[in-house]
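Read through the structure below, which is laid out as structure tokens, and then see the notes.
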Amino acid sequence: VFALRYTATVKAGTWEVKNFKVAHGKAEVVEPEEAKEYTVAEALAAYSGAAKPAVVKGYIVGTVNGQVYTEGCSFSGTAESKTNILLADTPDETDYNNCIPVQLPSGSVRNALNLVDNPGNYQKLVTLTGSLEKYFGVAGLKTVTKYVIDGVTPDDSGNTDAPVDGDNLLENSGFE
């Protein structure tokens, strides 16, 4: 009797087992790969075509409108799409070759980061945890599970106004 267990640090839709072999001996436990932190330039250089966990830090510099990356990049605080943002190492970047597209999954991450609903996020510094993989046919960041924007980590509901650590003794400071 044997079982297969899939453990991932990021949400994934499917998985596949290749070269499965049952042999006599002791099993070797392989821990999941830790997400490495990258700048945008480092993430672009590290992309090998295979998905891997990553943390990417950069500035929100725009979005991709449409489906063609090279033609759809828009570098402004106004956007047509809620599903993605562009990150760069500098807040004033306008060359798509120096950017990484980020897919925003539906829910609190998309609600908090997209430029359609949050034009004030334009040129803000963010740190995103997700999977470095192909997006728009280029190196991108997908399956974002966590974010920090302008140094503020949201609580589980996506509220960035909540305290982020246990040192806040005045949690309900407006109450008299």
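So what does the Cα-only Debye profile of segment 56-148 read at q = 0.13, 0.15, 0.20 Å⁻¹, as log10 I(q)/I(0), no solvent term?
So the normalised log intensities are -0.33, -0.45, -0.85.
Limiting things to C-alpha atoms, what are the Rg and the maximum Cα-Cα separation (Dmax) for segment 51-102, in angstroms?
10.6, 31
Can you tell me the dipole magnitude for segment 20-129 around its Cα centre, using point charges on the Cβ only (Lys, Arg +1; Asp, Glu -1), in Debye to the nearest 20?
Computed charge dipole of segment 20-129: roughly 380 debye.
Please give the contour-minus-distance gain from R5 to T70: 0.36 nm per residue of separation, less the Cα-Cα distance, rounded to one decimal in nm. Present the calculation step by step, with values, prior to reporting the outcome.
Values: separation 65, 0.36 × 65 = 23.40 nm, distance 3.95 nm.
Separation in residues times 0.36 nm, less the Cα-Cα distance, equals 19.4 nm.
Could you go through segment 102-118 in sequence order and give the Karplus-derived ³J(HN,Hα) for each residue, using 6.51 cos²θ - 1.76 cosθ + 1.60 with θ = phi - 60°, rounded to whole Hz, and x for Gly and Pro?
10, 7, 9, x, 4, x, 5, 5, 4, 4, 7, 9, 4, 7, 5, 8, 10
Hey, with R₀ at 22 Å, roughly what FRET efficiency would V152 and N111 work out to, going by the Cβ-Cβ distance, to 0.05?
0.90
Got a sec? Which residues in segment 90-129 would a label at E37 touch, if it sits 7 Å along Cα→Cβ and we count backbone N under 13 Å?
126-129
Where in segment 40-69 does the amide nitrogen come within less than 18 Å of the point 7 Å from the Cα of T145, taken along Cα to Cβ?
Once the point is set 7 Å along Cα→Cβ of T145, 51-57 turn out to lie under 18 Å by backbone N, inside segment 40-69.
Every read-out reported here was derived from the displayed coordinates using simple, explicitly stated rules and does not represent laboratory data. What you see is a predicted model, and the numbers here were worked out from it, not measured in a lab. Positions of Cβ are generated from backbone atoms using ideal geometry, with glycine treated the same way; all protein chains shown enter the neighbour counts.
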